[in-house]
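The values are calculated or read from the model by the stated rules, or taken from the named source; none is laboratory data. This one's a predicted model, so the numbers in the text were calculated from it and none came from an experiment. Note: ideal-geometry Cβ built from the backbone for every residue, glycine included; neighbour counts use all protein chains shown. Heavy atoms of the whole protein, side chains included, go into the accessibility calculation; ligands, DNA and RNA do not. Shrake-Rupley method; radii C 1.70, N 1.55, O 1.52, S 1.80 Å.
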Amino acid sequence: MAGVRPVPKKAYHHNQIQTLDIVLLIILTLFGVAIILPFINVAAISFSTQQEYLKSTVLLIPTEITLENFKALFEDGRIWVGYRTTLLLLLIGLPLNMFLTTSMAYGLSRPDFPFKRFFIYFVVVTLLFHGGIVPMYLLMKQLQLINTIWSVVLAYGVNSFYLIIMMNYFMSLPISLMESAKLDGAGEWRILFSIILPLSMPIIATIILFYAVDRWNEWFNAMIFIRKGSLVVLQLALRSIVIDSQISQQMNISNVQTDVKFSEGMKMAAVIVTMIPIMCVFPFLQKHFVKGMLVGAIKA
């Protein structure tokens, strides 16, 4: 049997589960459980009664499902004002964020851009240092934008971290595509919208998701610049509703009343109401998310 070659021993163990695989599986399972259980607990408390919550604060499946917490939350008109303001902020601010970030990232990704290194350093410095809220407030006051939605929209134009990720992704694209388009007479804007953006859907979807989450969770700038009750954002509206319910419960704690609101249940219902809309957006962008993050992060 001189013509038969012996099979290497490693070939027999190629598809076998190693000890390291089992250890990694256990660790990842524990991490998954640690992430999922708090979310299930929040959802269970939001659908439970106060009596059931007092028996056990760690709930996974409520025995008496109720919608009173959500009913008490939505009966307050402030939550609808918050939804309207936050959606308006999202519709105006997200396109502005994407336009500024995309155009600046494209410019900095071009090798022949004048003073490119200076502007990149300038962007990196903003990651470490910030002028503070007082100069920003004085600027908005001078521009007469206080108590308007534009103060919140313009206070957050470009995120430096997202800009660097998008710039690195644009730099990973072949420079020959842009040079060929320029030889055919295309301008910079034509190259950006007709060639670069169609090839950059992974990073575009990723940055859209990042900015959408930021705009949806916006509260600090709105708290500083806006005092009108008709322009309160969703996060601050939910906060005020929960605080009012807690105060009401403490004032009536000594009286036996059946109409006292379950403040902890309303708080968890507020968390669910805040998370669900933005979670519904993620599945549509998920297929682009991983590729956009990987290429944008590792390319320099």
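Computed from phi, the 3J(HN,Hα) profile of segment 161-169 under the Karplus parametrisation 6.51, -1.76, 1.60 (θ = phi - 60°) reads 5, 5, 4, 5, 4, 5, 4, 5, 5 Hz, with x in place of Gly and Pro. Modelled label positions at T63 and N147, each set 7 Å beyond Cα in the direction of Cβ, lie 5.3 nm from each other. Note on D112 and L88: the extension gain reaches 4.8 nm, defined as 0.36 nm multiplied by sequence separation minus the Cα-Cα distance.
Could you please state how large a percent of the accessible area of segment 34-161 is carbon and sulfur, counting protein chains only and using a 1.4 Å probe? Write down the numbers at each step before the final one.
Values: 5780 of 7990 Å².
Here it works out to 72 percent.
Applied to segment 113-123, the Karplus parametrisation 6.51 cos²θ - 1.76 cosθ + 1.60 on θ = phi - 60° returns per-residue 3J(HN,Hα) values of 5, x, 6, 4, 5, 5, 5, 5, 4, 4, 5 Hz, with x for Gly and Pro. Would you work out if segment 39-155 is rounded, prolate or oblate? Take a ≥ b ≥ c from the square roots of the eigenvalues of the alpha-carbon gyration tensor; rounded if a/c is under 1.5, else prolate when a/b is larger than b/c, oblate otherwise. Prolate shape, in that a/c is at least 1.5 and a/b is the bigger ratio. Report note on the peptides 164-172, 19-27, 78-86: ranked by the mean count of other C-beta atoms within 10 Å, highest first, their order is 164-172, 78-86, 19-27. The modelled label-to-label distance between K71 and F220, using points 7 Å beyond Cα along the C-beta direction, is 3.9 nm. Each residue, T19 and M279, gets one label point 7 Å from its Cα in the Cβ direction; the gap between the two is 3.9 nm. Overall, the ratio between the Cα radius of gyration of segment 78-256 and 2.2 N^0.38 Å, rounded to two decimals, is 1.34.
In the full protein context, segment 73-122 carries 57 Å² of accessible surface per residue, based on a 1.4 Å probe and ignoring ligands, DNA and RNA. Scoring 234-242, 106-114 by mean Cβ neighbours within 10 Å over their residues and listing the highest first yields 234-242, 106-114.
Checked against a 29 Å cut-off, the cross-linked pairs K71/K141; K55/K267; K55/K228; K116/K141 give Cα-Cα distances beyond that limit for K71/K141; K55/K228; K116/K141. For segment 79-144 and segment 184-211, write down the distance between their C-alpha centroids in whole Å. First find each Cα centre; the distance between them is then 18 Å.
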